[in-house]
Amino acid sequence: MTDSSDRPTGSVRGRSVLVAGATGGIGAAVVRELAGRGAILTLVARDRARLDALDVPGHRLALDLRSPAACRAAVDEAVVHGGGLDVVVNAVGVVAFGAVADLTVDTMEELFLTNTFLPILLAQAAFEAIGEGGVIVQVSGVIAERNLPGMAAYGASKAALRAFDEAFAREARRRKVRVIDARPPHTETGLADRALEGTAPRMPVGLDPAAVARRIVDAVEDGATDLPGDAFG
């Protein structure tokens, strides 16, 4: 873990932070919020060009985290770049829409691989390296609290992540590491326009990604242990 002698208690300033899904709607907003608060950033996404386009300082890694080896590589790079690992924010996610009867096996596999298995693999890798007082944030979403018709498999993949986080948080407390499951309501990230399958239903205007990111980083700094949907106002 990085030296905390020159930063306020709880602050992300000077702390080594790994952000996965750094180019997504919530991920990019979290990256900017962390940069503004002085964190030392390691940024991971699949698309190198989009990583390079991020207007913040940080070590960039173009990796597909859907494998244990890639997750370990990301963690190792963050440790080297930041002199340790203090915080991980996993904002990776994909979505699909449609009736259960129309779901394809390929889509279901991709939903659970990206939304459930990837976060578990990254959490495993991070937990080996993160120090006492560290924080692991997983963005599951409000769909994990109450699923919706037309989003059954997507919601199930996020609910599975929430269930994992609930148990993982209890284990992590023994090492004085916090695990925060963040469940923001619908946010204007553009993800719905990039669905694996199907068309998004009509939804009300969502939250501003910058406001969601601010709430997530506040939670890292203020000692929160959970971020349910109603925590986002």
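Brief remarks on what is shown
- Among the residues making up the stretch 48-102, those that are in contact (Cβ under 8 Å) with a residue 24 or more places away in the chain and of a type in the set (Val, Ile, Thr) are VAL56, VAL75, VAL79, VAL87, VAL88, VAL89, VAL92, VAL94, VAL95, VAL100.
- Per-region count, the stretch 112-142, residues surrounded by fewer than 24 Cβ atoms within 10 Å (Cβ to Cβ) and closer than 16 Å to ALA192 by Cα: 2
- Test: residue in the stretch 115-125 that is touching a residue at least 40 places away in the same chain (Cβ under 8 Å) and touching a Phe, Trp or Tyr at 6+ places or on another chain (Cβ under 7 Å): yes
- Cβ pairs under 7 Å, 6+ apart, first in the stretch 140-153 and at positive phi, second outside any loop (DSSP other than H, G, I, E, B) and among the charged types (D, E, K, R): GLY141/LYS158
Residue-by-condition table, conditions (1) exposed (fewer than 14 other Cβ atoms within 10 Å of the Cβ); (2) more than 20 Å from VAL95 (Cβ to Cβ):
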site	(1), (2)
GLU145	no, no
PRO149	yes, no
ALA160	no, no
GLU166	yes, yes
ALA192	no, no
ASP222	yes, yes
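- Count of the stretch 204-230 residues which are without any contact (Cβ under 8 Å) to a residue 40 or more places away in the chain and either closer than 21 Å to ALA35 by Cβ or not in a loop (DSSP other than H, G, I, E, B) (or both): 6
- When we screen THR187, THR199 for residues that are within 17 Å of GLY155 (Cβ to Cβ) and either surrounded by 12 or more Cβ atoms within 10 Å (Cβ to Cβ) or charged (D, E, K, R) (or both), the only hit is THR187.
- The numbered conditions (1) closer than 22 Å to GLY223 by Cβ; (2) in contact with a Leu (Cβ under 9 Å, 6 or more places away or on another chain) are all true for GLU132 except (2).
- Just one of the listed residues (ASP55, ASP64) is in contact with a Lys or Arg (Cβ under 9 Å, 6 or more places away or on another chain) and over 18 Å from ALA210 (Cα atoms), namely ASP64.
- Per-region count, the stretch 168-184, residues surrounded by fewer than 19 Cβ atoms within 10 Å (Cβ to Cβ), touching a residue at least 24 places away in the same chain (Cβ under 8 Å) and part of a loop (DSSP other than H, G, I, E, B): 2
Laboratory data are not the source of any read-out in this text; all were calculated from the coordinates shown. Not measured: the values here are computed from a predicted model. Cβ: placed from backbone, ideal geometry, glycine included. Neighbour counts: every protein chain shown.
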